[in-house]
Amino acid sequence: MVTTEDLVKKSMDIHGGTQAEFAQACRISQGLVSQFLSGAKQPGWRTCQQIERVTDGKVTRYQLRSDIFGNENLAENTER
């Protein structure tokens, strides 16, 4: 199972650069990125949207927090 920590790491890899650069792109602190990577915290809804934007949709808010956003496939069907 892919964890939130895995997805944040993947997001950083897609974006490239350091934790600080990724944090700046997402408009959050580097410390918060570190907490996501360690599993101490999960990104909130706004941060999930920023990560989706920064990765050009390669990591989605639905993948990061299905407990907030629901299932991506269901969302696509209801948006039509």
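Say we look at region 1-16 and pick out the residues that are of a type in the set (V, I, T) and out of contact with any Ser or Thr (no Cβ under 7 Å at 6 or more places or on another chain); which of these is surrounded by the most Cβ atoms within 10 Å (Cβ to Cβ)?
Across region 1-16, the extreme among qualifying residues is V8.
Could you say whether any residue in region 60-67 is in contact with a Gly (Cβ under 9 Å, 6 or more places away or on another chain) and either surrounded by 14 or more Cβ atoms within 10 Å (Cβ to Cβ) or assigned to a helix (DSSP H, G or I) (or both)? Break it down into steps so the answer makes sense when it comes.
Within region 60-67, the first condition is being in contact with a Gly (Cβ under 9 Å, 6 or more places away or on another chain), and the residues that meet it are 62, 65.
Checking which are either surrounded by 14 or more Cβ atoms within 10 Å (Cβ to Cβ) or assigned to a helix (DSSP H, G or I) (or both) leaves us with 62, 65.
Yes - at least one qualifying residue is present in region 60-67.
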Looking only at region 52-61, count every residue that is within 9 Å of the chain's Cα centre (by Cα) and under 12 Å from E72 (Cβ atoms) and tell me the total. 4
Only one of Q49, Q35, Q42, Q19 is free of Cβ contacts under 8 Å to residues at least 12 places away in the same chain, surrounded by 13 or more Cβ atoms within 10 Å (Cβ to Cβ) and within 14 Å of the chain's Cα centre (by Cα), namely Q35
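We did not get these values from a lab; they are worked out from the coordinates using the rules stated. The shown structure was predicted, so the numbers you read here are calculated from the model rather than taken from an experiment. Glycine gets a Cβ as well: all are built from the backbone with ideal geometry, and neighbour counts include every protein chain shown.
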